[in-house]
1. Cβ neighbours within 10 Å, averaged per peptide: list B:59-70, A:481-492 in order, most packed at the top.
2. To the nearest Å, what is the center-to-center distance of the stretch A:185-260 and the stretch A:39-103, using C-alpha atoms only?
3. What is the fewest-to-most order of A:319, A:473 by other Cβ atoms lying within 10 Å of their Cβ?
4. Relative to the longest principal axis of chain B, what angle (0 to 90°, nearest 10) does the C-alpha long axis of helix B:105-119 take?
5. Counting only other chains, and only Cβ atoms inside 10 Å, what mean value do you get across the residues of A:441-450?
6. Shape of the stretch B:46-122 from its Cα gyration tensor (a ≥ b ≥ c, root eigenvalues): rounded if a/c is under 1.5, otherwise prolate when a/b > b/c, or oblate?
7. Just check the stretch A:199-317 against the gyration tensor rule for me: Cα atoms, a ≥ b ≥ c as the square roots of the eigenvalues, rounded for a/c under 1.5, and otherwise prolate or oblate depending on whether a/b exceeds b/c.
8. Rounded to the nearest 500 deg cm²/dmol, what is the calculated helix-only ellipticity per residue at 222 nm for chain B, with -39500 (n - 2.57) per DSSP H run of length n ≥ 4?
């Protein structure tokens, strides 16, 4: 062992710099106090980040300190060492536009491959903004810097016809700007190497179209954008990962056979949609995707009307991630989805993301048996026109479900073909932010009673959620003693997380 | 690992001998990924056992495991996460040094990133120990430096 110890002492500086360069800039700076011979090593980092948020003291941004730091850094930098990644985050860039230009010159002169410029105003929030004009224009030098492989522009205007000169671009990210579909089209058609496109907090007055039979695009992320026409056409044969977060949008998906992972989150919606059939299309458009993440909004729409349609259309999903609170309005949707994924192997619950939509119709799918779920009190206050959130039904009015809990619990939905996946494929379940609420325990019971192949259930308990350690142990005890277990191989793991 | 000695073919295996005298087999195509090994093969021939003085029996199997996956193109993020999951910080360091010695680029890059990830937000004392660095600053010098770099120390908890 001591042999290796000495070896690391004798590590050539070039190796230390490699590791330092993989650290965030702020961390790299701290290595300067490790020892005297480390004092200046960090300055050779190839990963430079000038971020105004690091220079706030008691919430007041020390702009002058920040700008001084940048100036000194640039002046003292060795001419010979190269920069791989450069990132500048500065609000109100026009006031100091000379420094911004110097930064960009500095980065391009040192061969930067990954450039990020973020001029967004810290006051802008995800949910409400007035579509401000971009606060800066991309300096011309950048368009000539052919080595660039990754570019991220937030509130930094650009000219698409010039940007396409950057043939080596692989990753493109835009934020806090108006985007025109033409720009995206031109970019994707001309920069054939682009594999990843991310647009965040942008607004588009045109349709969004991302299509081309020879697109290399593998990753598409659309986050908190405003579309005047929320119709998104996606036809990218190599697309493997698609993530959407925002208001309801209508997707037209083609050539999606290679899509591996899709995450649809209508998390900016607070109202139940007037027309809800499109949700069925959303689900079936992605039915062959292996990893599917579904949000509370979708679960509620499924609960209210469309779930049964899934009986016809089975999904190929192997890993289903649900962002939910397992409350009354979502519960059925969860069960419908489980029923619709006969090959499901891994099920993840990300708890705490449910919400009650305004104006949700108060109808449950009525059949021979209804499920009545007791909702934890903390949720009933959130309801709005939802009937009473605190369903106080103590009578077990169920029937032929396979197993019923003990007296004070309630029964389960009974379908003719109950959740095929529970009998034939589901192996692993993960629950995040578990708090031990009744409805969560109920779901666990449902899975444990019926999941004959489940090998592992991992339960991550949130420290805040359980309040104290005693509670944690009570909950753990309760779960560990759930019987009967359909699976003979079942192991349950509990973790307490911050 | 029993070796099929007379495999008539494409998967030629190379014998590697660690600094502590143990012998391991790898496929020739995996050996190609480790430039140091390949150079030794070029110099010494592929029939003799290649001596690796600075790599030991504790880490070589892990390295072989990585490149076995690599030559079948099966290295995924999940595999890499599993690969380092149960390793402690020192074990990763040892593997990193071995990868550097063997000039095994892909593994080296992966492990460098893993080390950086592990060191992120650790205390200064921890990082010192990790790199075997003696603090040769006086307390005054150190606090002066901390003051100058105050921006990088804000919001970091020092106690590990």
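1. Averaged packing, sorted descending, gives the order B:59-70, A:481-492.
2. Their Cα centres are 33 Å away from one another.
3. Ranking A:319, A:473 by Cβ neighbours within 10 Å, fewest first, gives A:473, A:319.
4. Helix B:105-119 sits at roughly 30 degrees to that axis.
5. Taking the mean over all residues of the peptide, I get 0.
6. oblate
7. On the way: a/c = 1.88, a/b = 1.16, b/c = 1.62.
Judged from the Cα gyration tensor, the stretch A:199-317 comes out oblate (a/c at least 1.5, b/c at or above a/b).
8. On the way: 9 runs with 87 residues, N = 160.
Helix contribution divided over all residues of chain B: -16000 deg cm²/dmol.
Bear in mind these aren't lab numbers, they're just calculated from the coordinates by the rules spelled out. What you see is a predicted model; the values in this text were computed from it and never measured. Heads up, the Cβs are rebuilt from the backbone with ideal geometry, glycines too, and the neighbour counts pull from every protein chain shown.
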